[in-house]
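Data first, discussion second: the structure below is written as structure tokens.
The values are calculated or read from the model by the stated rules, or taken from the named source; none is laboratory data. Values in this document were obtained by computation on a predicted structure and should not be read as measured data. Glycine gets a Cβ as well: all are built from the backbone with ideal geometry, and neighbour counts include every protein chain shown.
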Amino acid sequence: MNVGHHVTLGVLMGPLLMTSLEGHHYGAGREACVDMIPQHESRPRDPPAPVNIILSNTTYSPGVPITVTLAANSGFFKGFLIQARVTDPGPSRGNAVGTFTPIDGTKQICDFSVGLTHSDAGQKTKLMLQWNPPPTLKGNIRFSTTIVVSQYSYWVALPSDVLTEGQTTTSPPTTTQVTSSSLSSAATSMSSSMDPQKLDTVSPSQPRSEMDTPITTPSQSASSPSPSAAGGRQATTMTSPVTCLLAGLILFW
């Protein structure tokens, strides 16, 4: 092969090599969204991996983000690809759900942004990622993570602990706080509604109904004598000694 052939081959292979390097250095390619395997042309290593996957909760609910921490337990890692996948048996098993919020050095990937990968190949010891659950519960899920230390040292689809379904979020009950001002306003409103000028009155020319006449029960009549009767008894009691005195004087004369 002459020099011309070498130059031609270099020109043809150069863009392909650059694409491959960029794909590794600037995140996983879209082809890895299905099997989580980076295109490194080498076999993945068996667990355990030098990275721990730590979840902020054991359950998930729509609208409540989950923090997923990738922490190196020895050394460092350079690249990663992570998805949340359904683990329950059925047609949805293995489907990636939810989305990740990108942070510095990361980017979204895969259809509907269900995956997150690195955007630089710098050394990393710890990443705290935010996963946003789907709007509806999808069953139990598990985070599947590929970790890359070098082109020939990587681990594929490492499983996290299972996240079980939690409760759907509801609006908290409204609590009304009673204050002195509210009580004062209520009292003012009540007093205005009981204004004597606004109450129904009886016209002087209007005959009094039977309901206007006080009702006196027999027991009240017997136990509670009228003031006039009490006065009469008192006068009788006071005049009895005078009568006796007069009768005595008459007999004396």
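Which pairs do you get when a residue that is farther than 19 Å from P62 by Cα, found in segment 75-97, comes within reach of a residue that is aromatic (F, W, Y), reach meaning Cβ atoms under 8 angstrom, with the pair 6+ apart or on two chains? Short answer, once both residue conditions are applied: G79/Y154; I82/F100; I82/F143. For segment 131-151, filtered to residues that are in a strand (DSSP E or B) and polar (S, T, N, Q), the residue that is surrounded by the fewest Cβ atoms within 10 Å (Cβ to Cβ) is S150. The set of residues from segment 69-126 being among the aromatic types (F, W, Y) and surrounded by fewer than 21 Cβ atoms within 10 Å (Cβ to Cβ) comprises F76, F112. If the condition is being assigned to a loop (DSSP other than H, G, I, E, B), at pLDDT 90 or above and polar (S, T, N, Q), then segment 11-66 contributes S56, N57, T58, S61.
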